[in-house]
Amino acid sequence: MLQDYRVARPYSYLQASDKDLYTAKWGNKIQLLDLNDDSLPAFDTLQFGLIGFKSDKGVYINNGRPGAVEGPREIRHQLAKMPWHLGRDIEVYDVGDIDGPNRTMEQLQESLSYAIERMLQLNLFPIVIGGGHETAFGHYVGLKHGTRKDVSRLGVVNFDVHFDLRPYYKSGPNSGTGFRQMHDLNHDRGEYFKYLVLGIQEHSNNLNLFDFVAKTDNIDFLTSQEMYKMPYDKIREMVDEFTADMEKIYLTIDMDSFNSAFAPGVSAIQSLGNSPQLTLALLEHLAASGKLLGFDVVETSPSHDIDHHTANLAATFIFYLTRIIANTNVD
């Protein structure tokens with residue numbers, strides 16, 4: 001059960017009568033699914049589940065630009081216009097939004113974790129669209145609790161300009177504390193935690209965060225400048241070495257990791273940032289590893305976007321990732 005809440009009705013897809021896969025779009029193919037239906041059987045093969053985290057309370061607490069609460073709606077709108085390249089055997093189910101303006105951020109994260117667990121039970125690959133980056137902690141906990149018992153090494157790869165490793169003991173959690181919470185959760189249990197951040201900006205992180213990373217095992221990063229200067233093969237080699245002992249990977253993409261020319265509609269705007277093309281190449285490489293257990297795309301803020309650039313880029317990442325994951329998981 002998903003506790004005592006109901007998942008909000010998602011985006012209204014315009015179902016077309018055209019079933020020709022050569023002309024179909026995502027909006028013609030996505031189906032709605034109610035996770036609260038206890039009678040649902042698990043799918044025989046891996047399918048995709050799309051869920052929105054309709055909150056940016058963590059961004060507001062962290063003094064960022066509010067607006068990501070509407071990210072799920074706009075990303076769905078852009079995704080619905082994408083051509084369908086997933087064939088006849090793959091389905092995408094939209095299970096709605098984690099929503100609740102009168103609920104705390106922690107309550108929303110808990111609801112998301114339960115929903116992710118339920119999706120894994122049904123053999124749905126979770127795709128979470130945010131929402132602020134507080135999405136990450138709820139998504140991670142759901143993956144960790146819903147993962148099969150024989151998967152003991154769940155690592156994290158984050159495309160972000162921020163570490164999001166801020167201490168939260170006095171001020172409480174927010175959108176910048178999620179990965180510190182993951183670290184502490186595993187540390188307290190004596191369990192595996194490995195974390196890689198790609199795209200760090202030195203001018204966007206305080207020195208105490210670099211100090212924490214330097215003193216903590218199994219956390220590493222590349223700055224955006226390093227990624228700009230390094231050959232792609234060297235970056236890929238570094239990623240492969242770091243993720244080699246990860247049995248499964250939780251992948252998270254913060255849209256503020258890109259230059260504002262590509263992603264102006266984000267919670268924390270960036271004058272410098274990763275190249276979308278380089279990021280896509282790395283995302284495709286990670287997806288082809290067969291290790292991805294779930295991914296999310298967060299911090300899209302439509303009220304600050306220009307001509308839907310950011311939402312379209314987020315939808316584009318979903319388009320390519322699902323295609324490779326589908327091909328990789330063919331039995």
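The values are calculated or read from the model by the stated rules, or taken from the named source; none is laboratory data. Since the structure is predicted, the reported quantities are computational estimates derived from the model, not experimental observations. A quick note on method: Cβ atoms are made from the backbone with ideal geometry, for glycine too, and the neighbour counts reach across all protein chains shown. Note: accessible area is taken over every heavy atom of the protein model, side chains too, but ligands, DNA and RNA are not part of it. Shrake-Rupley method; radii C 1.70, N 1.55, O 1.52, S 1.80 Å.
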Quick check: from the Cα gyration tensor, does the chain come out rounded (a/c under 1.5), prolate or oblate? rounded
When the Karplus curve 6.51 cos²θ - 1.76 cosθ + 1.60 is applied with θ = phi - 60°, which whole-Hz ³J(HN,Hα) does each residue of segment 43-59 get, with x for Gly and Pro? 5, 5, 10, 5, 10, 9, x, 9, 9, x, 10, 8, 7, 9, 4, x, 5
Kindly sort TYR168, TYR93, TYR114, TYR140 by accessible area of their heavy atoms, largest first, with the probe set to 1.4 Å. TYR114, TYR168, TYR93, TYR140
Enter the Cα centre distance for the pair segment 61-106 and segment 210-258, rounded to the nearest angstrom. 26
In terms of the Cα gyration tensor, with a ≥ b ≥ c the square roots of its eigenvalues, is segment 184-331 rounded because a/c is under 1.5, prolate because a/b exceeds b/c, or oblate? oblate
Between rounded, prolate and oblate, where does segment 156-214 land on the alpha carbon gyration tensor, with a ≥ b ≥ c its root eigenvalues, rounded for a/c under 1.5, else prolate if a/b exceeds b/c? oblate
What residues qualify as long-range amide H neighbours of TRP84, i.e. H under 5 Å apart, gap of 5 or more or another chain, H built at 1.01 Å from N? ALA24, LYS25, TRP26
Expressed as a rounded percentage, what relative contact order does segment 234-331 have, with Cα pairs under 8 Å and six or more residues apart? 33
In the chain, what % of DSSP beta bridges are antiparallel (nearest 5)? 5
With a 1.4 Å probe and every protein chain left in place, work out the accessible area per residue of segment 121-271 in Å², rounded to a whole number. 41
About the Cα centre of the chain, what is the dipole size in debye to 20, counting +1 per Lys and Arg Cβ and -1 per Asp and Glu Cβ, all else neutral? 240
Sparse-neighbourhood loop sites, chymotrypsin sites (Phe, Trp or Tyr not before Pro) in segment 233-331 - DSSP loop, at most 12 other Cβ within 10 angstrom: none
Could you tell me the relative contact order of the chain? Use alpha-carbon pairs under 8 Å, at least six residues apart, and round to a whole percent. 21
Once fully extended, how much extra length lies between HIS203 and LEU21, figured as 0.36 nm per residue of separation less the alpha-carbon to alpha-carbon distance? 60.8 nm
For TYR232, TYR22, TYR192, give the ranking by accessible area with the largest first, probe 1.4 Å. TYR22, TYR232, TYR192
Hydropathy first: keep DSSP H helices in the chain averaging at least -0.5 on Kyte-Doolittle, then drop any whose Cα extent along the axis falls short of 15 Å, and list what survives. 105-121, 135-146, 276-288, 309-328
Using a 1.4 Å probe over the heavy atoms of the protein chains, calculate the carbon and sulfur portion of the accessible area of the chain as a whole percent. 50
Considering amide H positions built from the backbone, and no H for Pro or chain starts, which residues 5 or more places from GLY49, or on another chain, come under 5 Å of its amide H? TYR93, PHE125, ILE127
Once you keep just the Cα pairs under 8 angstrom separated by 6 or more residues, what percentage relative contact order results for segment 37-171? 35
Using a 1.4 angstrom probe on the protein heavy atoms only, could you order ASP89, ASP184, ASP37 from most to least accessible area? ASP89, ASP37, ASP184
Just read off the accessible area of ARG323 with the full protein assembly in place, 1.4 Å probe, to the nearest 10 Å². 80
Want the number for ALA244 to GLU191: 0.36 nm per residue separation, take away the alpha-carbon distance, what's left? 17.3 nm
